[in-house]
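Note sheet for the following structure.
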Amino acid sequence: MHFIDGFATIAKNYIDKIHEDPVYPGKNVIDNLKQLDTTLQHESTDTNAVLHLLHELGSPATVKSTGGRYFGFVTGGCLPAAMSAKLLATVWDQNGALTVMSPIASACENIAGKWLLQIFSLPAECGFGFVTGDTMANFTALAAARHSVLQKAGWDVESKGLFNAPEIKVIVGEEVHISVLKVLNMLGFGRDRIIRIPVDGQGRMIAEKVPVSNDPAIICTQSGNVNSGAFDDVETICSMKGKNTWVHVDGAFGLWAAASPQKKYLVKGIELADSWATDAHKWLNVPYDCGIVFVRDKEAMFSSMSATTAAYIPTNALREPFQYVPEMSRQARAIPVWAALKSLGTSGLSAMIEKNCIQAKQFADALTAEGFAILNDVVLNQVLVHFGDVEKTNAIIKSIQEEGVCWCGGTVWQGKPAMRISVSSWATTNEDVQLSVRSIIKHAKM
């Protein structure tokens, strides 16, 4: 096992240098990756030689998203406890499908799931599962929703499928995230048949426009718009719903506002919904990949996800992880989640969320003072900066990215081009914000 020492040295060197290297790799180091594309040799290669080759060519070509100056795609960093636990879980190489396959993975799921329900103030009896990310969390939740509303309409979708099934009205806001649309497509609802509700200037669904019906219906709400950070009024929408309506909350990063006493008002009423989806690899800052789903009706979740029990699969009173998610063989994602929560505690978690929100406001205030327009109300960790027309905005973003002090991406917000700053990392310091602001201003005024 001498390769462990080599790996540890490489990992330490990478982490120690993460603030010295450009946040995004330059063209030359990306071009160097071509050296990996060789004919597969006949003879075996020593493990340390493989690691050193991968490090030499691969480490410079990584995006330093686990550092403090990466502000793209609402990407979290990686807490030391979560990173270490992930590495340990990899060494353990546990299959998290069944308790008998990994008692530690199952235990961490049960404990972390309970902790998360408390953090989000969701009903203690909810079912939960750990999946690859928010897309599969949405998929799991909306599969349970499909099961529930059709069952209430007298239809067994798991047995009969969707052929001749009662129609389900699916309602989303105009600012619905693409991951929800992808899931609705995979579940057989079709993208063109959904009902789209108008939104306000911050991207919030206008609750009064949501149709009310006692027929089978699913309403997909949003907690944390990927551009503006705004929240739908889930409380009002839930108070209006019909007798057979399921309300889902897509809260990929915004759901974590519930962990902050200062920001909890943004998620007012989410406990009234029927299902919730979020990412741990965003604002909890655990390594990729990890999404989490919660469903109020545990039976609906189980029925929509559980496979027919094979003869070799033990049956007992334990909660078996694979019965609540799409995957059977699966990595033990709850282990780094447990470690992140254990290391932070509730006070550390709230402090991390609130720090990033303060830093987002620092970005907005500094750029406003320099005469640039901020397109959104900065209520969370998202900042939209408008520099002018598409060509100018794209040129500024490209110039900032190429310099490598920080990395921010582009977007279009209600018809206007913008640069999006997403502050989601535990590692971001006030110095990181100041360095990044100076870089942005320099390139925007060239």
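The values are calculated or read from the model by the stated rules, or taken from the named source; none is laboratory data. Being a predicted model, the structure only gives us computed values, none of them experimental. Every residue, glycine as well, gets a Cβ built from its backbone with ideal geometry; the counts of neighbours run over all protein chains shown.
For residue 50, the requirement of being under 30 Å from residue 359 (Cβ atoms) and either in contact with a helix residue (DSSP H, G or I) (Cβ under 6 Å, 6 or more places away or on another chain) or not small (Gly, Ala, Ser) (or both) is not met. Within the range 16-45, restricting attention to residues that are free of Cβ contacts under 8 Å to residues at least 12 places away in the same chain and within 23 Å of residue 427 (Cα to Cα), the residue that is surrounded by the most Cβ atoms within 10 Å (Cβ to Cβ) is 17.
The single residue among 345, 410 that is under 30 Å from residue 174 (Cβ atoms), out of contact with any Phe, Trp or Tyr (no Cβ under 8 Å at 6 or more places or on another chain) and at pLDDT 95 or above turns out to be 410. Residues in the range 100-116 that are crowded, with 19+ Cβ neighbours inside 10 Å and either assigned to a helix (DSSP H, G or I) or modelled with pLDDT under 95 (or both) were compared, and the one that is nearest to the chain's Cα centre (by Cα) is 116.
Being of a type in the set (S, T, N, Q) and either out of contact with any helix residue (DSSP H, G or I) (no Cβ under 8 Å at 6 or more places or on another chain) or surrounded by 16 or more Cβ atoms within 10 Å (Cβ to Cβ) (or both) is the filter here; which residues of the range 63-88 pass it? Scanning the range 63-88 gives 65, 66, 75. For the criterion of being closer than 26 Å to residue 337 by Cβ, part of a helix (DSSP H, G or I) and of a type in the set (Gly, Ala, Ser), residue 97 fails.
Annotation note: of 152, 209, the sole residue that is modelled with pLDDT of 95 or more, touching a strand residue (DSSP E or B) at 6+ places or on another chain (Cβ under 6 Å) and in the same structural domain as residue 281 (by TED's automatic domain parsing) is 209. Among the numbered conditions (1) part of a strand (DSSP E or B); (2) within 25 Å of residue 227 (Cβ to Cβ); (3) of a type in the set (A, V, I, L, M, F, W, C), the only one that residue 130 does not meet is (2).
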